[in-house]
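In what follows, a structure is listed as C-alpha cells, so that the remarks can point back to it.
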Amino acid sequence: MCGIVGVTGNENATDILLDGLQQLEYRGYDSAGIYVNDQQGDGFLVKEKGRIADLRALVGPEVKGSTGIGHTRWATHGVPSVKNAHPHVSADGRFFLVHNGVIGNFSQLRDEYLGDVELKSDTDTEIIVQLIGKFAAEGMDTLAAFRKVLGLVDESSSYAFLLMDKEQPSKLFVAKNKSPLLLGVGDGFNVVCSDATAMLEQTHDFIELMDGEVVVVEPDKILIMDPAGNAVEREPFHIDMDPQAAKKGAYPYYMLKEIDEQPGVMRTLIQEYVNEDGSVKIDQELLDALSKADRLYIVAAGTSYHAGLVGKELFEKLAHIPTEVHVASEFAYNPPLLSEKPFFIFLTQSGETADSRQVLTQVNEWGYPSLTITNVANSTLSREATYTLLLHAGPEIAVASTKAYTAQIALEAILVKAYGEAKNIKAAKDFDVAGELTKVANGMQELVDEKGDIEKIAQDMFATTRNAFYIGRGVDYALAQEAALKLKEVSYVQTEGFASGELKHGTIALIEEGTPVVAIITDPKTAAHTRSNAQEVIARGANVLFISSRDVAAEGDQIILPEVDPLLSPLVSVVPTQLLAYYVSLQRGYDVDKPRNLAKSVTVE
C-alpha cells in the first residue's frame, strides 16, 4: 500500500505535497519522494529512504513550483532505497511517474520493449514510465503514449498512476485500476490523492474515479475519459467532516476503510517486530517468561477469542507448546484446572474488555505471568499485565472488528517465531514470518481490490435470507466462527460457524431450500472432506458459496484465495467474509459501523 498526492496550479505545491504525504504515511513509509515544476523550465526531484520527515529535511527553499506529484512507499518490487523510491523518471528525463499497485506483467513488458534501456531501479513502476518515454520518443503525444502503455498492462494488475511531462508542466495525467485515487477541486487549482484525508486542508470537494478511466488535470479544468476515450461528466461530492469523521476519508463507513487498511497493518507489524535479518524484536524478558511456561492460556472475548483459536494452532504446530483458548466471561467464573507453570495471553482490541480484565485480576492474585496483546497503549489490560505487545493497527472505529483480528493473528505468528527461536524449535526457526506476512499482505490487497465480486455475491445469496452457515475444518473452522460473528454483528442474519464434519450430527436439520452455506477450504489435508460435507447440504437444497485457496480450488468455486502458509490462511480467507458482512448490511440499509445493541469497547461483564 502506497500513498499518492498531486497538485497543479498552486504556488505552494511543495508544502501541499509534503503535508499530504504526511497524512498518508500510514500507507507506507519506507521511502518517499516529490517532483515539482516551477513552469519556468525548472524541475526539482527529491527522494529519500525512510519517513516523510526524512524527505522533508532534504527539501530546501529552492524546491518550489506550482505543479507537482508525490509518493510515500511500502516496498513490493525492490528493497527500500532511494533508487527504488518514487517518482520514477524516463531515460530522457522528460516523464515522472508515481504508482500505487502491482503490475503483473512488468517483466514481460521489460523484456519485449526495453532491452535497450538501462533501468535505474528494481521496481515494476519504472517499466511503465520508461515505456511512456519510449513511445513518446517514437512520435506519440503524451496522452496517446500513456493510453498505449495502459493497454499493454494486463487486466490482473492494479494501479493508480500519476504522471507529469516536463514539456507540459501544468498537466497531471491520471489513471486507475483497482487502486484508489481521487481528484480534488480547489479554488483555481486541482489536486489528486489516494485518500481525501491527504487534501482536506486544500479542498472538501472530490471527484471519484472509476477503473479504466484516464484523466488530464489542469489548474482550471479536469478532463475525464472512459476506456474508449469518451469524455465523462461527473460532479464532485462534498466532504463536510468533523475531525473524527475526517479520519474516515472518502470512505462511506469506517468498516470498509479498516478492511482496506489490513494489508498495511501486516506491513507495519513486520516493520515494528522483525529485523532486517528476519529475527524477531521481542523483549528478552518476555521470551524468558514464556520459555518457562508448560502451557499457554489465551483468554479473550468475541472476535479476539476467534483470533486466539488461530493462535492455538500456531503455538502448538510451530512452537510445540500446549495451548488452551478460553472465553473470558466463562473463565472468570469457571476457571479450568491449571498446569504447574501457566502463562496467560490476553487478546483485546481496546485493552478495556471487562470480562478479560476480571480474569487478569485473578491471574495477578495467583501470581502468574501475563501478556496483553492490544491495539491501545496504556489501556487497562496493558497496564495491569506483566507484559504488553501493541498491534500498531491504528484506531479501529467500526464496532465490528476487522483489522484488529488480523493484527492479533499476525502478532501471534510473530510471537511464535520468537518463542521458537528462544527454545531452539526447528519448526518455528524455519518459519519465515516476515516473508509469510508479506505474502499475506499482498494477498489481502488482491482480495480488497475485488470488492465488486463480493458485493454481487452478497446481493445474489443473502438479499432476503434470515439465516446462514459457515463451515470448515481446522483453522478453517476457527475462521468460520469469526466469519459467522461478523455477518450476524452487522447484518442481523442469524449465522453460525460449524465444524463441517459435525453437520451430520444435528445441524443439517436446519438446512432448507436456498439456505446460504459458505464453505471455507484452504487445507489440502481436509479439502476433500469439506467438499463432501458441502455436497451433503447441497443435496438438501442449500445454496453453497465456496471460498478456497488456489492450490485446492475446484471448478466452480466462486472465490479463490491467494496461496499463503496454511496456518496463516485465516488472514486472507477472512477478508471476503468481512466484505460479505459489510455488503449484506449495506444492502439491508443498516448502519454498518454502529450495529444495534453493540458497543466498541465492552466495559461491562
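The values are calculated or read from the model by the stated rules, or taken from the named source; none is laboratory data. What you see is a predicted model, and the numbers here were worked out from it, not measured in a lab. As a convention, Cβ positions derive from the backbone with ideal geometry for all residues, glycine included, and neighbour counts pool all protein chains shown.
Conditions (1) within 26 Å of the chain's Cα centre (by Cα); (2) of a type in the set (A, V, I, L, M); (3) at positive phi, marked per residue:
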position	(1), (2), (3)
R473	yes, no, no
A499	no, yes, no
I511	no, yes, no
F546	yes, no, no
A553	yes, yes, no
V572	yes, yes, no
Y583	yes, no, no
Pair list, Cβ under 9 Å, 6 or more apart: the stretch 3-26 residue free of Cβ contacts under 8 Å to residues at least 40 places away in the same chain, other residue crowded, with 18+ Cβ neighbours inside 10 Å and small (G, A, S): N12/S66; Q22/A198
Count - residues of the stretch 580-600 that are surrounded by 15 or more Cβ atoms within 10 Å (Cβ to Cβ) and either modelled with pLDDT under 95 or more than 30 Å from L381 (Cα to Cα) (or both): 12
From the options S329, S350, S339, S356, residue that is within 22 Å of the chain's Cα centre (by Cα), not assigned by TED's automatic domain parsing to the domain that holds P566 and not in a strand (DSSP E or B): S350
Residue in the stretch 38-57 that is outside any strand (DSSP E or B), modelled with pLDDT of 90 or more, closer than 20 Å to M164 by Cβ and in contact with a strand residue (DSSP E or B) (Cβ under 6 Å, 6 or more places away or on another chain) present: yes
Residue list for the stretch 185-243, filter: more than 30 Å from D154 (Cα to Cα), without any contact (Cβ under 8 Å) to a residue 40 or more places away in the chain and among the polar types (S, T, N, Q): T203
Odd one out for I508 among (1) more than 15 Å from R473 (Cα to Cα); (2) at pLDDT 95 or above; (3) among the aliphatic types (A, V, I, L, M): (2)
Total residues in the stretch 82-103, condition surrounded by 16 or more Cβ atoms within 10 Å (Cβ to Cβ) and either more than 19 Å from L181 (Cα to Cα) or of a type in the set (V, I, T) (or both): 11
Checking N364 against (1) in a helix (DSSP H, G or I); (2) touching a strand residue (DSSP E or B) at 6+ places or on another chain (Cβ under 9 Å); (3) more than 25 Å from R383 (Cβ to Cβ), the condition it does not meet: (3)
Selection from the stretch 257-284 of residues that are in contact with a Ser or Thr (Cβ under 9 Å, 6 or more places away or on another chain) and either outside the structural domain of V433 (by TED's automatic domain parsing) or more than 17 Å from L411 (Cα to Cα) (or both): E258, I259
The lone exception for L347 - which of (1) touching a residue at least 60 places away in the same chain (Cβ under 8 Å); (2) more than 26 Å from V274 (Cβ to Cβ); (3) aliphatic (A, V, I, L, M) it fails: (2)
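Results for (1) under 11 Å from Y583 (Cβ atoms); (2) surrounded by fewer than 22 Cβ atoms within 10 Å (Cβ to Cβ), shown as yes or no for each residue.
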site: K456; (1), (2): yes, yes
site: A463; (1), (2): yes, yes
site: F469; (1), (2): no, no
site: A480; (1), (2): no, no
site: S491; (1), (2): yes, no
site: G497; (1), (2): no, no
Residues that are aliphatic (A, V, I, L, M) and assigned to a strand (DSSP E or B), drawn from the stretch 527-562: V544, L545, I547, I559, I560, L561
Single unsatisfied condition, V214 versus (1) under 23 Å from the mean Cα position of the chain (by Cα); (2) modelled with pLDDT of 95 or more: (1)
M164 being closer than 24 Å to D42 by Cα, assigned by TED's automatic domain parsing to the domain that holds F95 and not in a loop (DSSP other than H, G, I, E, B): yes
Residue count for the stretch 397-419, restricted to those that are in contact with an Asp or Glu (Cβ under 6 Å, 6 or more places away or on another chain) and at pLDDT below 95: 2
